[in-house]
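Notes follow the structure.
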Amino acid sequence: MEETALLEALQSRKLRGAALDVYETEPPTNLALVRLPNVVCTPHIGGQTLEARKAISTILAEKLIKTLKEI
C-alpha cells in the first residue's frame, strides 16, 4: 500500500474513505493518515477472531494429515 498516495486521495476527496488494519510500518507512523475523520483504523488483528482461529486450525490440520499420508 502506498500510504502517501492514499493520504492524498483522501484529502482531495478522490477517495471518500478508507478502513485499514495493515500499514506500511507497524505500528503506523503516518499519523496524518490515521487521524483523518474519513479513515477507520484497527490493529492488525483481523485473524484473531474465533472464526478465523478455527479456520486456520482446520486448514493446518488438513495440511498436516495430507503431508503425513505422503510420507
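Some observations on this one:
- Considering only residues in region 49-71 that are part of a helix (DSSP H, G or I) and polar (S, T, N, Q), the one that is nearest to Asp21 (Cα to Cα) turns out to be Ser57.
- Scope region 3-29; condition of a type outside the set (Ser, Thr, Tyr), modelled with pLDDT of 90 or more and assigned to a loop (DSSP other than H, G, I, E, B); matching residues: Arg13, Lys14, Leu15, Arg16, Gly17
- For region 32-48, the set of residues classified as at pLDDT 90 or above and either assigned to a loop (DSSP other than H, G, I, E, B) or loosely packed, with under 10 Cβ neighbours inside 10 Å (or both) consists of Arg35, Leu36, Pro37, Asn38, listed by residue number.
- Filter result for Arg16 (among the basic types (Lys, Arg), out of contact with any Cys (no Cβ under 9 Å at 6 or more places or on another chain) and loosely packed, with under 10 Cβ neighbours inside 10 Å): yes
- Scan of region 49-64 for residues that are surrounded by 10 or more Cβ atoms within 10 Å (Cβ to Cβ) and either of a type in the set (A, V, I, L, M) or in contact with a helix residue (DSSP H, G or I) (Cβ under 6 Å, 6 or more places away or on another chain) (or both), ordered by number: Ala52, Ala55, Ile56, Ile59, Leu60, Ala61, Leu64
- Residue match in region 53-64 (condition: within 14 Å of the chain's Cα centre (by Cα) and of a type in the set (S, T, N, Q)): no
- So Glu2, is it charged (D, E, K, R) and surrounded by 10 or more Cβ atoms within 10 Å (Cβ to Cβ): no
The values are calculated or read from the model by the stated rules, or taken from the named source; none is laboratory data. Keep in mind that what you see is a predicted model, and the values were worked out from it rather than measured. Note that we place each Cβ from the backbone using ideal geometry, even for glycine, and neighbour counts take in every protein chain shown.
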